[in-house]
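Quick note: the coordinates plus some simple rules give every number you see, no bench work behind them. Remember, predicted model here, so these are calculated numbers, not experimental data. When we count neighbours, we look across all protein chains shown, and the Cβ atoms used for this are built from the backbone with ideal geometry, even at glycine.
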């Protein structure tokens, strides 16, 4: 196990940012320190975690000598990443979510791939669910803007394709090899830090969706490359139930308002056609909240299938009202700067408390 005290200037900084919950914090952080045998610095961004997680992180920052940035309110993922990215001076930065569990020797292959290929972004083989490290979530993919011309009509569509999702690692891994690809995800990716001098910081107007696609397109436009390095393996935890202290953040993170704002930003930024992709997104607003919060609660009620359907519909209606109230209240307190057309808050808008142990 190696941490920032191992050498004076590690060439990798790991940024841990909140994804959608806090209850995986301990398992995920401890896996990094247990399974990383390559020198690194770590910056942990804690966006409004509950008190027991806040205390745990403060203690860990003191013990392991990493930098802790905390806000007393919830953060969108790109906002959290940017708070830490402004502190990064190393050659590479690894973005990893706070619900990802890594395997032994995960970091060195990412660095080796970047050194060998000159890659701008390197993606590990990312798994999902449990048992850990057995089912693939992302093994690279495609991203971009597809321009279709039919007569005088021009349509611009966003491309996002993920490879091997749902396949078993045991079936696929023997055939996988380091290769150029078109997509990496923020569950975990390593990025050559100097690219941000060309493309700027991550787009904070993308509050909750397609931030990774946006970054991959920008990198490609800047002449950079994305590689898959399957010798690096990890899993993001998808199937653990939310804890009570997760729910309010989850509801904001996957709120209708944040998704609509993100889709609007994507559409305007890349001049996209409002096609079936967008229409399907609008129809399915709130599906994550239904899946992770409403459905599990309803199924615990002793009212049978018909009762579940009735209760589910009622709770969906209530959810929409509560969600609208939550996001409006949050915006009034913390997102005043997002009301402009650009939707990007300035760096000084964040309240941060940085500490090194």
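A few comments on the model shown:
- Three-way shape call for the chain based on the alpha-carbon gyration tensor, with the a/c threshold at 1.5: rounded
- Approximating the spin labels as points 7 Å out from Cα along Cα→Cβ, the residue 55-to-residue 30 distance works out to 1.7 nm.
- Per residue, the average separation of C-alpha pairs within less than 8 Å and at least 6 apart gives the stretch 1-84 a relative contact order of 38 percent.
- Extension gain, residue 256-residue 159: 0.36 nm per intervening residue step, less the Cα-Cα distance, totals 32.7 nm.
- Normalised size of the stretch 244-339, defined as Cα radius of gyration per 2.2 N^0.38 Å with N residues, equals 1.25.
- Pairwise label distance in nanometres, residue 117 with residue 279, each label 7 Å out on the Cα-Cβ vector: 3.7
- Computed over the stretch 244-339, relative contact order equals 38 percent, with contacts defined as Cα pairs under 8 Å that lie 6+ residues apart.
- Linear extension gain, residue 65 paired with residue 11, 0.36 nm per residue minus alpha-carbon span: 17.8 nm
- Working note: 222 nm ellipticity from helices only, DSSP H runs with n ≥ 4, each -39,500 (n - 2.57), summed and divided by the residues of the chain, gives -11000 deg cm²/dmol to the nearest 500.
- Inter-part distance where the stretch 187-228 and the stretch 251-284 are each reduced to a Cα centre, Å: 19
- Entry note, the chain: relative contact order of 21 percent, from Cα contacts under 8 Å with a spacing of 6+ residues.
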